[in-house]
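The values are calculated or read from the model by the stated rules, or taken from the named source; none is laboratory data. These numbers were taken from a predicted model, which means no experiment stands behind them. Cβ atoms come from the backbone with ideal geometry, glycine included; neighbour counts cover every protein chain shown.
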Amino acid sequence: MCLASAMPLAAQVKNSAADVKAGVEAWEKADYATAVAKWRPAANTGDPDAQFNLGQAYKLGWGVPMDLPVAAEWFRKAAAQGHIRAEDNYGLLLFRSGKRVEAMPYIQKSAARGEPRAQYILGTALFNGENVQKDWVRAYAMMTRAVAQGLPQATTSLSLMDQYIPMEQRQQATKLAADLEKQERSNALAATPMPPQPSIAPAPSGKPKPILPTDLPPSAVASAPMVQPVPAPAPAPAPAAPAKPVEKPAPAKAQAPKPAVKTAALPVGNWRIQLGAFSDEAKARTLWTNLLARVKGLDAYQPYLVKENAVTRLQAGPLASQAAALKLCTTVRKAAADCIVKQR
């Protein structure tokens, strides 16, 4: 019996890429059914971009019925081939479905790449010691990075962490957050550029954009054009990242460290420097992280977020005298930053 010869591998790859591109073009025109039809053959033959796009279609319910288990399976297949965005989505879906132990390796890799929702989840896990070893310094650093990238829930969690984590550890964490930001940029430059993938454009009139139920916060960070994960959160609070830390200081043996620091290690005084005033607390925290990388010696002082009505003022101190505050302001201004002296 004579068998038909298989299509050469190069031709298969070329056809697969063409199908993926045609599917993206259809998706951008809101022709979701055609997009899915273009991607499915390529996905079945192992094209990771087609698998990722098909996973997004099933997650959103555009062009196919919404089916998160099917979406997760397509993400898994693409992730197994090193597709970065598929890894991000697969880890988040595993976590969302309650498979937290299985999800954590993906969450950790995504957090290292700078994915803010993964940083939010990992920061909470590190604070509570859930499926990872407890590490308050790294927890605070991860949550700081999520705040800097505009994740609203992270701002609330970071404010709660301020009440439990000693100031000395928070200072260490702020420096670590600056290092993590540099590493994220390095990872982004080293990453292989992703081919064009569909973006979530506004749905055509008469077809409302679906809102997925989720226990993960939405990402407000701009990224390369592609189908973005989890377009919006459900009204319910996120059980995976509780608003309140699960551990509270108590006189029992399991008591968490009290936020006390040896006074000899810290400066004292009634003077501070003010570095800026913002309507958004997250911007104040981001400025502090950036200045730590630019102003030598600033890490010796404690940051203060002073709230007055709708304004958050970023201050640092304490300093023993006005002269010391003026001297520190001079150093800050050399880094092209604003600074004024304040007395408490």
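Quick notes
- Restricting Asp47, Asp31, Asp19 to residues that are of a type in the set (Asp, Glu) and at pLDDT below 90 narrows the list to Asp19.
- Ile121 being in the same structural domain as Asn53 (by TED's automatic domain parsing) and touching a Gly at 6+ places or on another chain (Cβ under 6 Å): no
- The set of residues from the stretch 73-92 being out of contact with any Phe, Trp or Tyr (no Cβ under 6 Å at 6 or more places or on another chain) and among the small types (Gly, Ala, Ser) comprises Ala80, Gly82.
- Residues of the stretch 143-172 that are within 22 Å of Phe278 (Cα to Cα) and aliphatic (A, V, I, L, M): Met143, Ala146, Val147, Ala148, Leu151, Ala154, Leu158, Leu160, Met161.
- Qualifying residue in the stretch 250-271 (condition: closer than 25 Å to Thr156 by Cβ and either modelled with pLDDT of 85 or more or touching a helix residue (DSSP H, G or I) at 6+ places or on another chain (Cβ under 6 Å) (or both)): yes
- Matching entry among Gly23, Gly55, Gly46 (being assigned to a loop (DSSP other than H, G, I, E, B) and either of a type outside the set (Val, Ile, Thr) or out of contact with any Pro (no Cβ under 6 Å at 6 or more places or on another chain) (or both)): Gly46
- Here the stretch 307-339 is the region considered, the condition is being among the β-branched types (Val, Ile, Thr) and in contact with a strand residue (DSSP E or B) (Cβ under 8 Å, 6 or more places away or on another chain), and the residue that is nearest to Arg294 (Cα to Cα) is Val332.
To keep it simple, each residue is scored yes or no on (1) aromatic (Phe, Trp, Tyr); (2) at pLDDT 95 or above; (3) over 18 Å from Thr286 (Cα atoms).
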{"site": "Arg85", "(1), (2), (3)": "no, no, yes"}
{"site": "Ala103", "(1), (2), (3)": "no, yes, yes"}
{"site": "Ile107", "(1), (2), (3)": "no, yes, yes"}
{"site": "Gly114", "(1), (2), (3)": "no, no, no"}
{"site": "Leu122", "(1), (2), (3)": "no, yes, yes"}
{"site": "Leu126", "(1), (2), (3)": "no, yes, yes"}
{"site": "Gly129", "(1), (2), (3)": "no, no, yes"}
{"site": "Ala141", "(1), (2), (3)": "no, yes, no"}
{"site": "Ala148", "(1), (2), (3)": "no, no, no"}
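- Of all residues in the stretch 27-38, those that are buried (at least 20 other Cβ atoms within 10 Å of the Cβ) and either closer than 16 Å to Leu60 by Cα or among the β-branched types (Val, Ile, Thr) (or both) total 4.
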